[in-house]
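Every number in this text was worked out from the coordinates using simple rules, so none of it is lab data. Quick caveat, the model's predicted, so the values are computed rather than measured. Don't worry about glycine lacking a Cβ; one is built from the backbone with ideal geometry, like all the others, and counts go over all protein chains shown.
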Amino acid sequence: MPDVTLWTLIFLVIAAFSAGWIDAVVGGGGLIQLPAMLLGLPNASPAQILSTNKISSLCGTTTSAVTFGVKVRPDRRTVLPLTILAGLGAAAGALVATKIPMSWFKPIVLVLLVAVAVYTAMKPSLGARTALRFDGQTHYAVAGAVGVLIGFYDGAVGPGTGSFLIFALVGLLGYNFLQASAKAKIANVATNLGAIAVFAAHGSPLWALGLTMGVANMLGGLLGARTAVARGSRFVRIIFLTVVSALILRLAYDIFFA
């Protein structure tokens, strides 16, 4: 455990719990957890922050993925290609994470998030029910492409991964928001594992802190997944738009003011 005060540890644990809840419902928990770690661990290296964040997130995503898997039962023909290729994409993204300037990514991600928010807000029926758009091999190919592209983004950059996964599963494949959230969580487990495998070899994760925050993230993820299942797709859609809006504001601040 790094040398942190009790109040700093409490602050990080609360942030991890909140991030776990948001991540379980729509993704985007990094919007809370990563800035909290940057504030609480000012002397840690970027690699330590990123790798420790992944360890904590993995605990929460695994818990919520299991909960969704039992309650929602997502179909395997989407989950398998999405998850396998997302994990490989995240490992590849983590390998290049230190070589690509963040300034290249942020404006592109900001434009994509604005487009996602506007499109979702203007189509109230989007994601209300499942109406699959592809069959057979095309379905596998689209699910795999979504996995590898967003997995690479998660390994290299990270913020908004869950939101992008959910939107792709709703907008491209035609799932409702609840089904999309369930599949996104399972894929997110793979992206976290892929990134951790690379960061563990290069970034010296703070294992004790990551696992301590992971317990809080896990509890938040369990509560968030149960809330999403109980409240349904309409609730997930509202939280999705809220989190995407917060991500847009955060990225806009980073680009124009920070």
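Some observations on this one:
- Annotation for Leu132 and Leu80: the two label points, set 7 Å from Cα along the Cα-Cβ direction, are 1.3 nm apart.
- Taking all Cα pairs closer than 8 Å and separated by 6 or more residues, the relative contact order of region 103-244 comes to 31 percent.
- C-alpha long axis of helix 207-231 to longest principal axis of the chain, angle in °: 30 degrees
- Subtracting the Cα-Cα distance of Thr227 and Val66 from 0.36 nm times their residue separation leaves 56.5 nm of extension gain.
- Paramagnetic reach from Leu38 (point 7 Å along Cα→Cβ, amide N under 15 Å) across region 164-188: none
- Contact order relative to length of the chain, as percent, for alpha carbon pairs under 8 angstrom and 6 or more apart: 40 percent
- Low-density loop positions, chymotrypsin sites (Phe, Trp or Tyr not before Pro), region 202-258 - DSSP coil, at most 16 other Cβ in 10 Å: Phe257
- Column: log10 I(q)/I(0), Debye, Cα scatterers of the chain, q = 0.08, 0.11, 0.14 Å⁻¹: -0.27, -0.52, -0.87
- Against the chain, whose longest principal axis comes from its Cα atoms, helix 30-40 is set at around 0 degrees.
- Taking the charge dipole of the chain about its Cα centre, with +1 at Lys and Arg Cβ atoms and -1 at Asp and Glu Cβ atoms, the residue from Ile248, Pro81, Ile196 reaching farthest to the positive side is Pro81.
- Enclosed volume per residue, in Å³, of the convex hull spanned by Cα atoms of region 75-183: 88 Å³
- In nm, spacing of pseudo-spin labels at His202 and Thr242 (7 Å Cα→C-beta vector): 3.6 nm
- For the chain, modelled as a GNM whose springs connect Cα atoms under 10 angstrom apart, the maximal fluctuation among Leu169, Leu110, Leu12 occurs at Leu110.
- Three-way shape label, region 141-230, alpha-carbon gyration tensor, a/c 1.5: oblate
- The charge dipole of region 1-98, taken about its Cα centre with unit charges on the Cβ atoms of Lys, Arg (+1), Asp and Glu (-1) only, comes to about 400 debye.
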